[in-house]
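Some notes on the structure that comes next.
The values are calculated or read from the model by the stated rules, or taken from the named source; none is laboratory data. Nothing here was measured: the structure is a model prediction, and the numbers come from that model. Using ideal geometry, Cβ is built from the backbone for each residue, glycine included, and neighbour counts are taken over all protein chains shown.
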Amino acid sequence: MSAPRLLDPDDADAPWPEGGTADRLYVEAFARQGSQALIANLRTRVLAAACGDRVLPLTVNDDEYGDAYVCLPHSAYALYAKAELDLVNAGPWTPFLRLMADLAGAAMRFGRLNRIVHLGNWMLSTNLHGGWTGAELPALRALLTARFPTHVLALRSLTPWGDAELMATARADGWILLPARQIYVTDDLERDWLPRRDTRRDLALLDRAQVVRLDELRPGDAERIAALYAMLYLDRYSRLNPAFTPAFIILTHRLGLIRYEGVRAPDGRLAAVVGCWVRGGVLTTPIVGYDTTRPEQHGLYRMASALLADAARRDGLRLNGSAGAPDFKKHRGARPVIEYSAYYAAHLPRRTRAVLVGLQAILERLARPLMEARGL
């Protein structure tokens, strides 16, 4: 096993691993164009690490605030948590949870948790780690703490369902795991999703629609995909979700990293779309959108969800359905799993470590049971 190494995308002579060309080009595009050209509400510097034949994107942040949650723990645990309380029913816990989010935000600022390097961060709502066991993690951690001695290190989107070995490696190496959210997963789509009554109704809607696999993008498709995603994830949910631009859609489509499918309206414009991303036998969707101005009876969200699940079923993949819409997903065979983020701060001042340990205690004792009970 070769030692991990850091790679600068601006270095023409950087020793990239063989293979993984699409991953390298993805990182290079962020470095060359700047993160905001591809994700409008994200300021970050993108580097890479090579672990064997894997390319792991690294995002480097220096105390930015208010951007998309995919790089900033303050956005994820303080700002997004408060925004989520406007969308879900936390019952009598709501005022207490607002207070806790405010206190967590203040503690994170005190501990400077937004001065952070994320590894394996594709800047998507869900990072898929592709079966990486983390064998190189201690060596990579040593490399990163030497290069970024004032930064917290982080790994997002860890679940016992998909990353049990990586989580065990991180714990053994001194990383602190914080519950992040509850997601919904499906192990066997043929068994768990296809026979459901709600699934059959969703598929009947698709049978009457003009379903398209977007092997080629028509003029205006990239702009429309970005707009449909924004209608749902930015306008309806939260501006703290990544704001993908048409340039991001074009990039990921051209590289084949994300496979786009959708439903076209009679006028030829896309009315619903999903973007499927696959790693290590798991499919997830960083891009889901539909025309929210159309009546709910048109069933566009149901069709988009069915497109996603059927894509996983056809290819014999497990499905990471991400967070949200808990009842909808459970009625279609998904089950809940807690997702974690891991943080390393042993090289940093005591106050940073104390903030992380305190957050871990609060989240495990209070937030995780509430996530499980309320589907947050």
Any pair with Cβ under 9 angstrom, 6 or more apart, that starts in the stretch 89-112 at a residue that is in the same structural domain as R350 (by TED's automatic domain parsing) and ends at one that is assigned to a helix (DSSP H, G or I) and aromatic (F, W, Y): A90/F96; A101/Y77; A101/Y80; A104/Y77; G105/Y77; M108/Y77
Which listed residue, of E28, E64, E84, E18, is of a type in the set (D, E), outside the structural domain of V278 (by TED's automatic domain parsing) and surrounded by fewer than 15 Cβ atoms within 10 Å (Cβ to Cβ): E18
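Quick check on the stretch 334-361: of everything there that is over 16 Å from Q182 (Cβ atoms) and in a loop (DSSP other than H, G, I, E, B), which residue is nearest to the chain's Cα centre (by Cα)?
A345
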Condition broken by T292, with the remaining ones in (1) modelled with pLDDT under 95; (2) surrounded by fewer than 18 Cβ atoms within 10 Å (Cβ to Cβ) satisfied: (1)
Residue that is farthest from A272 (Cα to Cα), among those in the stretch 232-262 that are assigned to a strand (DSSP E or B) and over 14 Å from the mean Cα position of the chain (by Cα): R259
Sole exception among (1) part of a helix (DSSP H, G or I); (2) surrounded by fewer than 14 Cβ atoms within 10 Å (Cβ to Cβ); (3) not acidic (D, E) for F328, by number: (2)
Test: residue in the stretch 276-289 that is surrounded by fewer than 17 Cβ atoms within 10 Å (Cβ to Cβ), at pLDDT below 95 and either outside the structural domain of K82 (by TED's automatic domain parsing) or not in a loop (DSSP other than H, G, I, E, B) (or both): no
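Would you say Q297 is polar (S, T, N, Q) and in the same structural domain as N127 (by TED's automatic domain parsing)?
no
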Evaluation of P246 against (1) under 23 Å from N121 (Cα atoms); (2) in contact (Cβ under 8 Å) with a residue 60 or more places away in the chain; (3) surrounded by fewer than 20 Cβ atoms within 10 Å (Cβ to Cβ); (4) touching an Asp or Glu at 6+ places or on another chain (Cβ under 9 Å) (one fails), failing number: (2)
Matching residues in the stretch 56-111 - criterion: being at pLDDT 95 or above and at positive phi: G66
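Test of understanding: among D163, D221, which residue is of a type in the set (D, E), within 30 Å of L348 (Cα to Cα) and crowded, with 21+ Cβ neighbours inside 10 Å?
On the way: D221 fails: within 30 Å of L348 (Cα to Cα).
Selected residue: D163, the only one of D163, D221 that is of a type in the set (D, E), within 30 Å of L348 (Cα to Cα) and crowded, with 21+ Cβ neighbours inside 10 Å.
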Near pairs, Cβ below 8 angstrom, 6+ apart or cross-chain, from the stretch 131-142 (surrounded by fewer than 21 Cβ atoms within 10 Å (Cβ to Cβ)) to any residue that is acidic (D, E) and modelled with pLDDT of 95 or more: T133/E165; P138/D173
Residue satisfying condition, being modelled with pLDDT of 95 or more, within 18 Å of W277 (Cβ to Cβ), surrounded by 19 or more Cβ atoms within 10 Å (Cβ to Cβ) and under 21 Å from the mean Cα position of the chain (by Cα), within set A323, A304: A304
Any hit, the stretch 20-38, residues being touching a residue at least 24 places away in the same chain (Cβ under 8 Å), more than 22 Å from V278 (Cα to Cα) and of a type in the set (A, V, I, L, M, F, W, C): yes
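Which ones in the stretch 184-202 are surrounded by 17 or more Cβ atoms within 10 Å (Cβ to Cβ) and farther than 25 Å from A135 by Cβ?
Keep residues of the stretch 184-202 that are surrounded by 17 or more Cβ atoms within 10 Å (Cβ to Cβ), which gives 184-186, 189, 192-193, 199, 202.
Within the stretch 184-202, Y184, T186, L189, D192, W193, T199, D202 meet the criteria.
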Strands (runs of 3 or more DSSP E) (entirely within the stretch 112-231) containing at least 1 residues that are out of contact with any Asp or Glu (no Cβ under 6 Å at 6 or more places or on another chain) and farther than 30 Å from T293 by Cα: 115-119, 152-158, 176-186
